[in-house]
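Beneath this line is the structure, given in structure tokens, with notes to follow.
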Amino acid sequence: MNLKKNKILLLFLSVLVVGAIVFASLKFQKKEVAEDLNKDGVVDSIDVQLVMSNFMKTAKGDIVLVGDINKDGVVNAADINMLVSKLKK
């Protein structure tokens, strides 16, 4: 009888630990944002450089330009405004 209680307790604790790990990984997962062009988890000067490298360029065909944050086919002031609004201070 005591062995059965120990197995139930061990199962309960295992489920509790797994649940805590899953919860922690979901809670601290960073939300991906379009303005983080290099996908390093932060919108910063590197992302500004990526936008500026294609500034005023227009996409041809199916090519997607790095820095075209709003996906309108051109890297312009609208993309810069979106990026500036997300810059970390």
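Quick check on my filter: what residues within segment 49-59 are part of a loop (DSSP other than H, G, I, E, B), in contact with a Leu (Cβ under 8 Å, 6 or more places away or on another chain) and of a type in the set (A, V, I, L, M, F, W, C)? Result: Ala59, single match.
Sub-6 Å Cβ pairs linking a first residue in segment 37-48 that is within 15 Å of Met82 (Cα to Cα) to a second residue that is modelled with pLDDT under 90 and of a type in the set (A, V, I, L, M), at least 6 apart or interchain, are Val43/Leu87, ordered by first then second residue.
Counting the residues of segment 54-89 that are in contact (Cβ under 8 Å) with a residue 12 or more places away in the chain and surrounded by 13 or more Cβ atoms within 10 Å (Cβ to Cβ) gives 20. Within segment 60-89, the set of residues being in contact with an Asp or Glu (Cβ under 9 Å, 6 or more places away or on another chain), among the polar types (S, T, N, Q) and not in a loop (DSSP other than H, G, I, E, B) comprises just one member, Ser85.
The values are calculated or read from the model by the stated rules, or taken from the named source; none is laboratory data. In this text, all values refer to a predicted model and were calculated from it rather than measured experimentally. A quick note on method: Cβ atoms are made from the backbone with ideal geometry, for glycine too, and the neighbour counts reach across all protein chains shown.
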